[in-house]
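Colleague: Starting off with a structure, shown below.
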Amino acid sequence: MHIFTSGLIVLVAGLHLGFLVLEMFLWQKPLGLKTFRLSPEQAQMTAVLAANQGLYNGFLAAGLLYGVIAGSLPFQIFFLTCVIIAGLYGGYSVNRRIILIQSLPALIALIFVLMPMP
């Protein structure tokens, strides 16, 4: 696989590891409150749900990293597609900027994964 394409996938995985940290460990901290525009009360009421989301983001990152390490095209396609769909749903149901932050990088990576190698 092309190094550039692998780098894009690792970037998407890194984003999801960042989401994991924000949602599981920093949700009620100043950075989490600012990032997600939450009041301390909102953050406290939703902390368990956020931690669950963070765990799922970790699974997405793990799948993407496995796809790169193993050189598994099916894993790369599957997990990038999952990220795109999750970002589209988040953009629809929560905030449109999620599409740019989550779906767009995964879509760009997927395009490069699907490009024929010269």
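Colleague: Of these, 69, 85, 77, which one is in a helix (DSSP H, G or I) and farther than 17 Å from residue 8 by Cβ?
Modeller: Only one candidate passes the filter, namely 85.
Colleague: Now a separate question. Out of everything in segment 26-48 that is within 20 Å of the chain's Cα centre (by Cα) and among the basic types (Lys, Arg), what residue ends up being farthest from residue 97 (Cα to Cα)?
Modeller: Applying the filter and picking the extreme gives 34.
Colleague: Given the conditions (1) modelled with pLDDT of 95 or more; (2) out of contact with any helix residue (DSSP H, G or I) (no Cβ under 6 Å at 6 or more places or on another chain); (3) closer than 19 Å to residue 64 by Cα, and given that residue 89 satisfies all but one, which numbered condition is not satisfied?
Modeller: It fails just one condition, (3).
Colleague: Of all residues in segment 1-52, which are of a type in the set (Val, Ile, Thr) and touching a residue at least 60 places away in the same chain (Cβ under 8 Å)?
Modeller: The answer is 5, 9, 12.
The values are calculated or read from the model by the stated rules, or taken from the named source; none is laboratory data. The model shown is predicted, which means the values in this text are computed figures rather than measured ones. With ideal geometry, Cβ positions are generated from the backbone for all residues, glycine too; neighbour counts draw on all protein chains shown.
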